[in-house]
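Here is the structure we will look at, set down as structure tokens.
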Amino acid sequence: MSVLSDIPVKNKGRKRFSFLSDFLIRLFKEKPLGTIGLVIFLILLFTGIFANFLAPYGVNEVVGDYLKPPSVQHWLGTDNLGRDLLSRVIYGARISMIVGFVGAVLSLILSLIIGMLSGFIGGKVDLVLQRFVDAWMCLPSLVILIAILSLTGPGLPQVIVVLGLSYGIAGSRVVRGTVIAIKQNMYIDAAKAIGASNIRQLLRHVLPNITAPLIVLFTARMPFIILDEAGLSFLGFGVPPPFPSWGAMLSGSARSYMFLAPWMAIWPGLALTAVVFGINMFGDAIRDLVDPKLRGGVGSYAGEKIKRVRELLAKKSNL
């Protein structure tokens, strides 16, 4: 009798968990920092969507005395124009969510197009595209962003497009390397042998197998895009007033009144720090749990099964 047949099956007859529920169970059990990151990300998403209902005042509504410290009436205080800082921080979450999510999606699409074409077709196409990517990555990204935005002018759509293009071109290297590794597998040769077109091979065989790196790439790009938007807004090239970007809230009047009213810089800075930390922790957890190369690691379900098999083999050998 096989040794594997001696392993008790606890979940026999029980409904199999879906991928999402399996992922959430492993996230809560194995990645506490990833769980905290998920909670922070969901709070950001909820706050950005329902900012109109959560904010006690309007985004530019003058509601009280100037430079009033945190109190029961105004939990985070007021700024130099008498606007409620809690309301402006809540509306700033919407700006950060839009820029981070849409910019990450745009960069992912561009990375897919460049990386899949370069890695799958190869040859002269790969040579030309990669030399363009090399030239782009050699230039300082902040200088390029400021130069482009100085020509197009500040604005929310301009910031999203510029940041998406910048990170999309740089991220194509990751997609290209993954596609080249997958192209060496036998099922790609089998698809070619039965006459499958390149488009069918890319959509049916290559794209499903690079899902894990794409998810990791998306979650890794989102916090950096949020930080870059805050930096550009701090320098005056990002989202223009009166939109309450966290980076813009840190510059201008916040620097002028930093010692007189430090809460004007503290709360946007803390919000930005918490969001970037949460998304980074959640992205690291996704990488560890979704990547097929890491699913058999210590603490995973596959790792527990392997451990039980080894214990049974040791018992058999002792007998």
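Structure above, values below:
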{"quantity": "Within the range 109-124, backbone nitrogen closer than 19 Å to the virtual label 7 Å beyond the Cα of Thr152 toward Cβ", "calculated": "109-114"}
{"quantity": "Computed E for Met258/Tyr66 - FRET, C-beta separation, R0 25 angstrom, nearest 0.05", "calculated": "0.95"}
{"quantity": "Exposure proxy order (Cβ contacts within 10 Å, fewest to most) of Phe41, Phe259, Phe46, Phe282", "calculated": "Phe259, Phe46, Phe41, Phe282"}
{"quantity": "Packing-based exposure ordering (other Cβ within 10 Å, fewest first) of His74, His205", "calculated": "His205, His74"}
{"quantity": "Separation between Cα centres of the range 102-141 and the range 177-208, rounded to whole Å", "calculated": "19"}
{"quantity": "In Å, descending, principal axis extents of the Cα set of the range 63-181", "calculated": "67, 30, 19"}
{"quantity": "Charge context of Leu149, other residues only, Cβ under 12 angstrom, K/R +1, D/E -1", "calculated": "-2"}
{"quantity": "Radius 10 Å from Cβ of Gln130, net charge of other residues (Lys, Arg +1; Asp, Glu -1)", "calculated": "+1"}
{"quantity": "Ratio of Rg to Rh over the range 26-318 (Cα coordinates, Kirkwood Rh, two decimals)", "calculated": "1.09"}
{"quantity": "Neighbour-count ranking [beta-carbon atoms within 10 angstrom, fewest first] of Thr273, Thr219", "calculated": "Thr273, Thr219"}
{"quantity": "Over the range 164-235: Kirkwood hydrodynamic radius from C-alpha pairwise inverse distances, Å", "calculated": "14.1"}
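Read the figures in this text as sums done on the coordinates, not as results from a lab. Just so it is clear, the structure is predicted and the values come from calculations on it, not from any experiment. Glycine also receives a Cβ, built like all others from the backbone with ideal geometry; neighbour counts cover every protein chain displayed.
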